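Below: one structure, written as structure tokens.
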Amino acid sequence: MREILIVVPGPGDEAAELTAAARSLGEVRVTAAVFGADEEAAADLAGLCERVVVFPAAPGGVFDGEWAAAALTPWIAAEQPFLVLLAHGNDALDLAPLLAARTDRPMLSDCLEIGLRDGRLVGVRPLHGGKVRARVAAVEAAGYLATVRPGAYPAAAAAAAAGQVVEGPAPTGFSPRREFVGAVAAEAGEVDITQAEVLVAVGRGIEEEENLDLIRSLAEALGAEVACTRPIVDKGWLEKSRQVGTSGRTVKPKVYLAIGVSGSFQHLGGLKGSPFLAAINQDPAAPIFAAADVGIVGDLFDLVPLLEEKIRERRG
Amino acid sequence: MDIYVCVRRVPDTSEVEIEIDRSGRALEEDDFSWDINEWDAYAVEAAVQLKERLGARVTALTVGDEDDEEVLRRALAMGCDQARLLSDDVFAGADSWVTARILAAAMAEPRPDLVLCGAVSADQGRGQVGGFLAGLLDLPLVALATDLQVEEGSARVRHEVSGGVEHLVDLRLPAVVTVQTGLNEPRYVSIRGIRKVAGVEIPVLGAADLGLDPAELQPRVVTEELFPPPQGGGAEILTGSGEEQVERLVELLHEHGGLV
Ligand SMILES: Cc1cc2nc3c(=O)[nH]c(=O)nc-3n(C[C@H](O)[C@H](O)[C@H](O)COP(=O)(O)OP(=O)(O)OC[C@H]3O[C@@H](n4cnc5c(N)ncnc54)[C@H](O)[C@@H]3O)c2cc1C
């Protein structure tokens, strides 16, 4: 039976999704690696997989890619799991390629699907912000590593069979070259978009900072708050507290109107609670239309003023 | 202090129609406009700012062909001291693993004090090269830096971790840092700026120059086929005149509680 190691940096749905991805490969034995998990968290994991290995937490008690790589490398060398799986998120960028290099394994990144062909790992992954997909295959190797896109596999239900929980060794001879200093608190910001029922989200399609007035004015007509994608914050046009996404806020409005937003998974990752999602984008192939309920393909500079006018008319 | 910054030229595909070419493994590139990968522009700016503050020597590297030289010119125009085009017929078909091997070989002499890479590339989105480099060079890694301060053999880095949180970490140099967008404000490069560095010689280094055996440059991941994302299940696309579409949208927004 194939051994699969899932690496779970922190709490969340990751473990259940990774377990589902692992089990999609057929008869497998799943081991979860965690760092400094308490008993309850370890027990939860044991409901999903055959084995849980609890490695000591990194100094500072937070996830640390250097520490994790140092702990996992000898473990993987000894146990030789067929596949090491991680969720494609920020922590994976900090660990997965480093671990693949240290353990000398081919790595497939950000997979929407993983599979086996002739005993080799294959996958499907998005390119160009989701506008194309690629079928990729790893070359033959003793073991593989892959990161799986969050949401690609529906979370596995906890199995009845309780897995065993064991302790993993601390990395030996570890001299830290990287040290945790502290967490940085997010700025509060002028509005709390996480509480808003209606959001108008603006993306790079707005082109210039001045043009944001179009969006502000539309939001005002709707009684909505303005949210945005990351590039708008990077340019300093709107404050960070308005950014929706995996590196911004998680929002759960009733209605989300995305304007000039391509619909990257990092942006949509911040949108929860299945709101009514409407999109305006001039590119009919923009991935936002795959996620939206309704869309208009067209130029926002024509459509937004018209939309505002119609809303104001309707309100009288 | 020697800083290497790894850059790549990528197509802007956000507004073009994507067509798969006859090989089925690549895209028709005729309508593409190319530029430095967004994340890499922040990495170059970070390197140049360190140079201005601390007097480092900054070397820009890319793996590619003569078309990719323009991205190195841009890095020079932004203030990098020198650039190397890593190019060879045997590099064709390089995956991120092979790319990282080539880059690592180009950092053999002088050894780096700091390696900066963009955290991901806009086209491939794999986010692998920086981490592979850390593994190959046996250096510590921090991914997704949003702030970077360097001082006598160490760096204090703010970086994004999972859960929308940022951490501060201290790194002992040499180290690899992958850069997230927003770390700084990449400086504007004018056509004149590019022209100024037109005369700077950019050495082209191949496998032999880098001491690489082509047999070691076998990709570990092969792209077999490109295909369009599955259709259907997506948005209802409104039809009719612009006016009709917008009226229908107002109706739908109202129905779902969007007119507060
Ligand atoms: C680790 C990591 C974390 C990230 N976290 C986040 C995050 O939290 N939030 C986030 O948003 N991004 C995040 N990103 C960035 C993300 O990958 C995308 O780059 C970003 O979401 C794209 O923003 P955009 O849609 O505004 O821009 P683009 O992708 O450039 O899209 C612009 C869209 O506007 C359309 N458009 C242009 N002109 C017009 C017009 N006149 N009329 C109508 N439509 C027009 C285009 O067709 C295009 O679809 C993250 C990336 C990484 C690597």
Practice task
Specify the residue that is nearest to the ligand (Cβ to nearest atom); the eligible residues are those in the stretch A:286-297 that are within 19 Å of B:Glu251 (Cβ to Cβ) and open to solvent by 20 Å² or more (accessible area, probe 1.4 Å).
Solution key: A:Val297
Problem - the stretch A:244-285, subset within 22 Å of A:Ala186 (Cα to Cα) and free of Cβ contacts under 8 Å to residues at least 24 places away in the same chain, residue nearest to the ligand (Cβ to nearest atom) - result: A:Gly248
Problem - Checking B:Leu183 against (1) under 30 Å from A:Asp104 (Cβ atoms); (2) within 16 Å of the ligand (Cβ to nearest atom), the condition it does not meet - result: (1)
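Yes or no, residue by residue, for (1) part of a loop (DSSP other than H, G, I, E, B); (2) without any contact (Cβ under 8 Å) to a residue 60 or more places away in the chain; (3) within 7 Å of chain A (Cβ to nearest Cβ):
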{"site": "B:Ala108", "(1), (2), (3)": "yes, no, no"}
{"site": "B:Cys117", "(1), (2), (3)": "no, no, no"}
{"site": "B:Val120", "(1), (2), (3)": "yes, no, no"}
{"site": "B:Gly125", "(1), (2), (3)": "yes, yes, yes"}
{"site": "B:Phe132", "(1), (2), (3)": "no, yes, yes"}
{"site": "B:Gln149", "(1), (2), (3)": "no, yes, no"}
{"site": "B:Val157", "(1), (2), (3)": "no, yes, no"}
{"site": "B:Val169", "(1), (2), (3)": "no, yes, yes"}
Handout entry: Of all residues making up the stretch A:302-316, the number that are near the ligand (Cβ under 9 Å from one of its atoms) and loosely packed, with under 15 Cβ neighbours inside 10 Å
Key = 1
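Here's a check for you: in the stretch A:62-115, which residue that is small (Gly, Ala, Ser) and open to solvent by 10 Å² or more (accessible area, probe 1.4 Å) is nearest to the other protein chains (Cβ to nearest Cβ)?
A:Ala101
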Problem - Residues located in the stretch A:231-246, provided they are open to solvent by less than 50 Å² (accessible area, probe 1.4 Å) and charged (D, E, K, R) - result: A:Asp234, A:Arg242
Practice task
Please go through the stretch A:183-222 and pick out each residue that is open to solvent by less than 70 Å² (accessible area, probe 1.4 Å), more than 26 Å from the chain's Cα centre (by Cα) and away from the ligand (no atom under 16 Å from the Cβ).
Solution key: A:Ser217, A:Ala219, A:Ala221, A:Leu222
Exercise for the section: Please verify whether the stretch A:120-142 includes one or more residues that are in a loop (DSSP other than H, G, I, E, B), hydrophobic (A, V, I, L, M, F, W, C) and closer than 17 Å to A:Ser24 by Cβ. Expected result: no
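Does B:Arg187 count as open to solvent by 40 Å² or more (accessible area, probe 1.4 Å), at negative phi and not in a loop (DSSP other than H, G, I, E, B)?
no
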Handout entry: Sole exception among (1) more than 14 Å from chain B (Cβ to nearest Cβ); (2) touching a strand residue (DSSP E or B) at 6+ places or on another chain (Cβ under 8 Å); (3) not in a loop (DSSP other than H, G, I, E, B) for A:Glu40, by number
Key = (2)
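The values are calculated or read from the model by the stated rules, or taken from the named source; none is laboratory data. All of these numbers come straight from a predicted model, not from anything done at the bench. Neighbour counts are summed over all protein chains in view; Cβ atoms, including those assigned to glycine, are modelled from backbone coordinates with ideal geometry. Ligands, DNA and RNA are stripped out before the accessible areas are found, and what is left, the full protein with its side chains, is counted by its heavy atoms. Shrake-Rupley method; radii C 1.70, N 1.55, O 1.52, S 1.80 Å.
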